[in-house]
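In what follows, a single structure is set out as structure tokens and then discussed.
Taken together, the values in this text are just the output of simple stated rules run on the coordinates, not laboratory data. Quick caveat, the model's predicted, so the values are computed rather than measured. Using ideal geometry, Cβ is built from the backbone for each residue, glycine included, and neighbour counts are taken over all protein chains shown.
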Amino acid sequence: MAGPEYHHRMLHLHSTSPDRWLAQVDQNLNDILIDHAHCEQKAASTAMHLMFEYVENEDLRQEMTEIIAEELEHFHMVLALLKQRDIRFYKMKPGTYGRKLMGLCRRQEPHKAVDRLLVAGLIEARSCERFVLLRDHLQDTQLSDFYGSLYESEARHHATYVRLAQSYGDDAEVSSRLEALAEAEAKIIADGCELPRVHS
């Protein structure tokens, strides 16, 4: 079982999710599940964009190819879960989390590459932390087992994105930006979002 120190050490997160979010989960579980499918789709899309943007980076191309395949596999797993539960999958209004985080990215290369990769990594880190919470919180055994089976891949993706950011900046810059972005990410999570979402 992942201890409370797990996300701080492994995932560079500066906060734990508030009880407010688990209350949103309890009151709006179907919406959280639908949003989870959208998150997997967006994660595949992010990796695809990065692969096109930084096409000359062979290491990045290979890693993104694997992440895209894994995120799409998870997307179809969530869709199967929705279908089994007679929950209709539809286009939802996204929460504010991703947009706020992306807004922190610098515009000039190579700093832009560093920030985009670190932001992608922090989103994976927060997903990991929340999947562990869902595993431990949900009374529904099927869902608890499902989230227990997913969180390790999110942690692995986080580590991959942080490592790839080091292709575009030295250790000191990447480390400093990761700390700054993680601090901002914690504030976005603390502010929350009224829409019940995986990252609300």
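Structure values in brief
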{"quantity": "Relative exposure of Ile34, Ile68, judged by other C-beta atoms within 10 Å (fewest first)", "calculated": "Ile68, Ile34"}
{"quantity": "Residues Asp115, Asp86, sorted so that the one with the fewest Cβ neighbours within 10 Å comes first", "calculated": "Asp86, Asp115"}
{"quantity": "In sequence order, calculated HN-Hα J values of segment 177-189 (Karplus, 6.51, -1.76, 1.60; Hz; x Gly/Pro)", "calculated": "5, 4, 4, 5, 5, 5, 5, 5, 4, 4, 5, 4, 5"}
{"quantity": "Between segment 128-145 and segment 51-126, the Cα center-to-center distance that results, in Å", "calculated": "21"}
{"quantity": "Cα-projected label distance for Asp191 with Lys100, points at 7 Å along beta-carbon direction, nm", "calculated": "0.4"}
{"quantity": "Candidate lysines for bridging to Lys91, where Cα separation is under 21 Å - those fewer than 8 sequence places away on the same chain excluded", "calculated": "Lys42, Lys83, Lys100"}
{"quantity": "Angle in degrees between helix 111-137 and the longest Cα principal axis of the chain, rounded to the nearest 10", "calculated": "20"}
{"quantity": "Cα pair distances exceeding 25 angstrom across the chain, given as percent", "calculated": "33"}
{"quantity": "Residue order, fewest to most beta carbons within 10 Å, for Leu60, Leu178", "calculated": "Leu178, Leu60"}
{"quantity": "With Cα atoms, 0 to 90° folded angle of helix 58-84 axis to the chain main axis", "calculated": "10"}
{"quantity": "Sites Gln166 and Gln139 - FRET efficiency at Förster radius 35 Å, r taken between beta-carbons, to 0.05", "calculated": "0.25"}
{"quantity": "Equivalent ellipsoid semi-axes, segment 115-199, via Cα gyration tensor eigenvalues times 5, rooted, Å", "calculated": "27, 16, 8"}
{"quantity": "Sum of -39500 (n - 2.57) over DSSP H runs of 4+, divided by residues of the chain (222 nm, nearest 500)", "calculated": "-25000 deg cm²/dmol"}
